[in-house]
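J.: The structure's right below; bear with me while I get my questions together.
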Amino acid sequence: MFSQTVEYALRAVCHLAYIAPESCTTEEIATGTKVPLAYLSKVLQGLAKAGVVRSQRGIGGGMSLIKRPDELTILEVVNAVDPIQRIRTCPLGLSTHGVKLCPLHRRLDNALKSVEEAFGGTTLAEVIAEPSESIPLCEFPSKSPIKNAPSAD
C-alpha cells in the first residue's frame, strides 16, 4: 500500500527519534535501518526539504529531527515523501459521476481518510515507546532506555 520510499523514510525517522535530539550520519542511519545508502540519501533530502529533518555539516554534524518525537506524526513523514492521495473526483473521468464518488471509490476514499486520521494521531514517540519484543522499523544497536519517550508510569 505504501511505497518503499515511505518505508525507508519511516525507518530513518524512527532511528533519529531514538537518539533525538542528537544527530547521526547518513551512513549510521543506513546501517541501522538496512536502507541502501544512495536511496537513503535521496529520502533524507526529501525529508529535509519538507522540514522533517535537518542536516548539519562538519564535526559533530549529521542528520537530526527538526521536531521532537512527541511532536512529529507518522502522517507528516509519509506526506513529506509520498503524500497520501485522496479520491476527490471519479478516477475514471466519468462525467456522470462528477464529484460524487461511486460507492466503490467512496469506500476507498473513506479508507484513505481513516489511514490519514490514524497516522495524523500517532507520533513517533508513541511508536518507539510501544512495548514490543522488537524495535519498530529498524535495528538499533543500543539497548539503553529511549530518550524523550513518555514514561509508562
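The values are calculated or read from the model by the stated rules, or taken from the named source; none is laboratory data. Not measured: the values here are computed from a predicted model. Virtual Cβ from ideal backbone geometry, glycine too; neighbours counted across all protein chains shown. Only protein heavy atoms, including side chains, enter the accessible area calculation; ligands, DNA and RNA are left aside. Shrake-Rupley method; radii C 1.70, N 1.55, O 1.52, S 1.80 Å.
Per-residue answers, yes or no, for (1) in contact with a strand residue (DSSP E or B) (Cβ under 8 Å, 6 or more places away or on another chain); (2) open to solvent by 40 Å² or more (accessible area, probe 1.4 Å); (3) among the hydrophobic types (A, V, I, L, M, F, W, C); (4) under 21 Å from Gln4 (Cβ atoms):
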{"position": "Ser41", "(1), (2), (3), (4)": "no, yes, no, yes"}
{"position": "Gln45", "(1), (2), (3), (4)": "no, yes, no, yes"}
{"position": "Ser64", "(1), (2), (3), (4)": "yes, no, no, no"}
{"position": "Pro69", "(1), (2), (3), (4)": "yes, no, no, no"}
{"position": "Val77", "(1), (2), (3), (4)": "no, no, yes, yes"}
{"position": "Ile84", "(1), (2), (3), (4)": "no, no, yes, yes"}
{"position": "Arg88", "(1), (2), (3), (4)": "no, yes, no, no"}
{"position": "Gly93", "(1), (2), (3), (4)": "no, yes, no, no"}
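J.: Separate question: If we keep just the residues of segment 18-31 that are among the small types (Gly, Ala, Ser) and open to solvent by 10 Å² or more (accessible area, probe 1.4 Å), which is modelled with the lowest pLDDT?
T.: Ser23
J.: Right, another one. Test Arg11 against the stated conditions and say whether it is in a strand (DSSP E or B), in contact with a Ser or Thr (Cβ under 8 Å, 6 or more places away or on another chain) and charged (D, E, K, R). Lay out the reasoning, then the answer.
T.: Details: in a strand (DSSP E or B): no; in contact with a Ser or Thr (Cβ under 8 Å, 6 or more places away or on another chain): yes; charged (D, E, K, R): yes.
So Arg11 does not fit the description; no.
J.: Between a first residue in segment 44-57 that is within 16 Å of Thr73 (Cα to Cα) and a second residue that is basic (Lys, Arg), which pairs have beta carbons less than 8 Å apart while being 6 or more apart in sequence or on different chains?
T.: From segment 44-57, the pairs are Ala48/Arg54; Val52/Lys67.
J.: Just one of (1) touching a helix residue (DSSP H, G or I) at 6+ places or on another chain (Cβ under 7 Å); (2) open to solvent by less than 70 Å² (accessible area, probe 1.4 Å); (3) outside any helix (DSSP H, G or I); (4) not hydrophobic (A, V, I, L, M, F, W, C) trips up Gly58, so point out which.
T.: (1)
J.: Can you tell me which of Glu133, Glu117 is out of contact with any Pro (no Cβ under 9 Å at 6 or more places or on another chain), open to solvent by 70 Å² or more (accessible area, probe 1.4 Å) and at pLDDT 95 or above?
T.: On the way: Glu133 fails: at pLDDT 95 or above.
After ruling out the rest, the residue left standing is Glu117.
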